[in-house]
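Enquirer: Dropping the structure in here first, questions after.
Bear in mind these aren't lab numbers, they're just calculated from the coordinates by the rules spelled out. What you see is a predicted model, and the numbers here were worked out from it, not measured in a lab. When we count neighbours, we look across all protein chains shown, and the Cβ atoms used for this are built from the backbone with ideal geometry, even at glycine.
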Amino acid sequence: MLCLSIPSAFANMKYLVSIRTRLDRLHGQNELTLDQYNYITSNITDNNDELLDAVMTNRNDSTIITTMMTIPLLDSNHAKQFSGWLDQEEADDTMTTGTANLIRNIFDLRSADAAASSSSSSRPETTNGPAPARYDTTTTGVVQFIARSKSFPDETFYNGIWGFTKGIREYALQCSNIGLHILDVTTTTIIVVQTIIMEGGDIYRDVATHDSYAYIGAQAGENPDAYVVNLTQLSGTAVAHGTNSNPITTNNIKNIGEEGWGHTTNVWNGLLFLNGAGTKANSGCRIFDLLEDPMTPRYITTYIGGDCHDSYGQTIGDRDILFSADGVYGKYRLLDITNIRSTSSSSPQSSIPQIGETEYMNVYAHQNVVSDDGTTLFVTDESNEVDIAVFDISILSNPRLISTFQWSGEQTERDAIVHNGAILGDYLLVAYYNAGLRVFDISNVTSIEEVGNYETYRNPDGKAGIFDKDINDLVTGGIQNFDGAWNVATLQSGKILISDTISGTFVVQINKNTSGTIRNTPTPSSPPTIIKPWICVNKQKLEIKVRTDNIGEETRINLRKRNKSMRWGWTIIDTKGFENKKIHKFYKCVDVEKECYRFKITHKRNNEFQNGFIKLSLDGKTMYRNTFRNKLGLRKKRLYRFGQCMENQN
């Protein structure tokens, strides 16, 4: 097996939970049979405890990259064997597609899939690439600096952040491994009003507010409990609190338990969501009602349909929608929580109907936010595959991928990892780790541009043209650096708060009248080809799987599209002479809403197919399957039509 050193805190979020624990859960939920479980643990991993039990450890100091662990990966032979076995189990209906995809993501079988697919000439369309910078990148574009605070010891690790306004005063609620820091950010001089020490949260602590109450969740470290803090004692007048004046008394600070549930925290519509990120036995997120008694949240239910690494709520039409970024499941799910308060806590999953979900993307579904008009979903991927993806959710039951993109310097500078985002009108604000804050104009979602930045990590002091650090400058052996901009939040005034893991708290704003910094950047005439993952823009992704028998050279597949003369004139795939006893994969982007397609597979001689199968999937959903099992009398040809086809079209 191969070995790879990985930063202990974040190198691969799937290791928040060990592979063995994931497999145990699947077996306990009857998603894996005992034979399947034993095949994976024994035949595939050789009972390698280092691989099966690898899990992230806590950070030892303020620099995440320095604490290392070694995780063995499957070698190429095991990966190909495993990938083929999963395909066969799925084709035989002995494993669901969702379970198979989850296992593929857990074991990082993407490279094996890509290798299996590279032999085919068909590659789908993709817009995966850097967003053009519509400004002079030696400036900050539309971003205007206001203030910065780094008032705590150098070993402080800054994480979640939220904005709170009372009267004429504005506050940043800054989380760290120490606890919650309350900063007055009303003027250009930031005042540290109070620090509330909390246990746990060595890496993960997050905060959000309901009315005048702040809810803080934590994960990692000892006793990472959740807290509620009544903020009504903060000043809302022209009279500011002094430094470390500690206006909030202890009777307004309450530990509410829920140990380890706050990997991230979301508050919306009088509801509290403590997101477990898959680390708990029942996974998902815990949901509480805050309306009855804000200091004592009433437990409602737990969503257990996915990891729920992060969540986001918005009312769209007449429904309240919870968007769950489901981590290693590789999907972002849309849940109907309109009547959530009437849910019985004894039925945690069936009480939350799923409206829709994005297609499986071979990513770590990290975070999601929605445009103000409720028609567009923006998601971030911390596995560094696509970074940011954009979905049309005008039909909630069928999210459609529009595009994927990265920060403007992804290829001209260095590859940075994305973390969290927020919406501010026509802008997507993104905390981009080493690349700092990146601001994207999303007024036209088919042509997203970067219009500003603030280098919280590389140039925290704002020195003109001088970078103190470079992207991934602590890289060892190809490992990426996860220090930098962690989270971003907004205040009612439009101020933007940025939390940088090592550089502290920043306050900036958007200045649309930034004279002389906006410029038109032409799109490169020959953009680089990105082939991971398989993405179709405004079309559907067709996947064809064919498993050949012991005379695969006699098999031929053909995919054609009907032309204007109503004939099958457009040949899309025409391949023959396959390797024996192997699963072959083909991908194409198709438009089933406008076109008619015909798939045909033939076998040359009279002995028919034996021990093989055909499977056609559209956007991850099976639409045609045919399995061959040593039966006499099978035809040597199979035809399948799909799309906008007339009934009499052969």
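Enquirer: Counting other Cβ atoms within 10 Å, keep those with at most 13, restrict to DSSP loop, and tell me which GluC sites (Glu not before Pro) in the range 191-299 are left.
Expert: Qualifying residues, ordered by number: Glu222, Glu292.
Enquirer: Explain nothing, just the number: relative contact order of the range 393-469, from Cα pairs under 8 Å at least 6 residues apart, as a whole percent.
Expert: 18 percent
Enquirer: R0 = 60 Å: FRET efficiency of Lys463 with Glu292, Cβ-based, nearest 0.05?
Expert: Calculated value: 0.70.
Enquirer: Could you pull out every residue, at least 5 positions away or on a different chain, whose amide H is within less than 5 Å of the one on Asp320? Hs are placed 1.01 Å off N in the peptide plane, and Pro or chain starts have none.
Expert: Ile337, Thr338
Enquirer: How much length would be gained if the chain were fully extended between Thr188 and Asn30, taking 0.36 nm per residue of separation minus their Cα-Cα distance, in nm to one decimal?
Expert: Working it through step by step, the gained length comes to 51.1 nm.
Enquirer: Follow-up. What FRET efficiency comes out for the pair Thr602/Thr96, r = Cβ-Cβ distance, R0 = 25 Å, nearest 0.05?
Expert: 0.25
Enquirer: Moving on to the next point. Kindly list the residues of the range 355-393 that lie in the label zone of Lys512, defined by a backbone N under 11 Å from the point 7 Å along the Cα-to-C-beta vector.
Expert: Hits in the range 355-393 for Lys512 at 11 Å: none.
Enquirer: Next question. Viscosity 1.002 mPa s, temperature 20 °C: Stokes-Einstein D of the range 135-226 from its Kirkwood Cα radius, in µm² per second?
Expert: In µm²/s, the coefficient rounds to 149.
Enquirer: Along the Cα→Cβ direction, 7 angstrom out, place labels at Val239 and Glu199. What is the inter-label distance in nm?
Expert: The answer from the label model is 3.8 nm.
Enquirer: OK, next. Would you please put 100-107, 241-248, 501-508 in order of how densely packed they are, using the mean number of other Cβ atoms within 10 angstrom per residue and starting with the highest?
Expert: Top to bottom by mean Cβ count within 10 Å: 501-508, 100-107, 241-248.
Enquirer: While we're here: Residues with amide H under 5 Å of Gly141's amide H, sequence separation 5 or more or different chain, H placed in the peptide plane at 1.01 Å from N; which?
Expert: For Gly141, whose amide H was placed from the backbone, the distant partners under 5 Å are Asn453.
Enquirer: So for the pair Asn255, Cys645, with labels modelled 7 Å out along Cα→Cβ, what separation do we get in nm?
Expert: 6.5 nm
Enquirer: When Tyr332, Tyr454 are ordered from fewest to most other Cβ atoms inside 10 Å of their Cβ, what list results?
Expert: Fewest-to-most ranking of Tyr332, Tyr454: Tyr454, Tyr332.
Enquirer: Given points 7 Å out from each Cα along the Cα-Cβ axis, report the Asn77 to Tyr299 separation in nanometres with one decimal.
Expert: So the label points at Asn77 and Tyr299 sit 5.0 nm apart.
Enquirer: Now for a different question. Is the range 224-333 best put as rounded, prolate or oblate by its Cα gyration tensor, with a ≥ b ≥ c the root eigenvalues, rounded for a/c under 1.5, and otherwise prolate when a/b is larger than b/c, oblate when not?
Expert: prolate
Enquirer: What's the Cα-based Rg to Rh of the range 210-272, Rh via Kirkwood?
Expert: Rounded to two decimals, Rg over Rh is 1.04.
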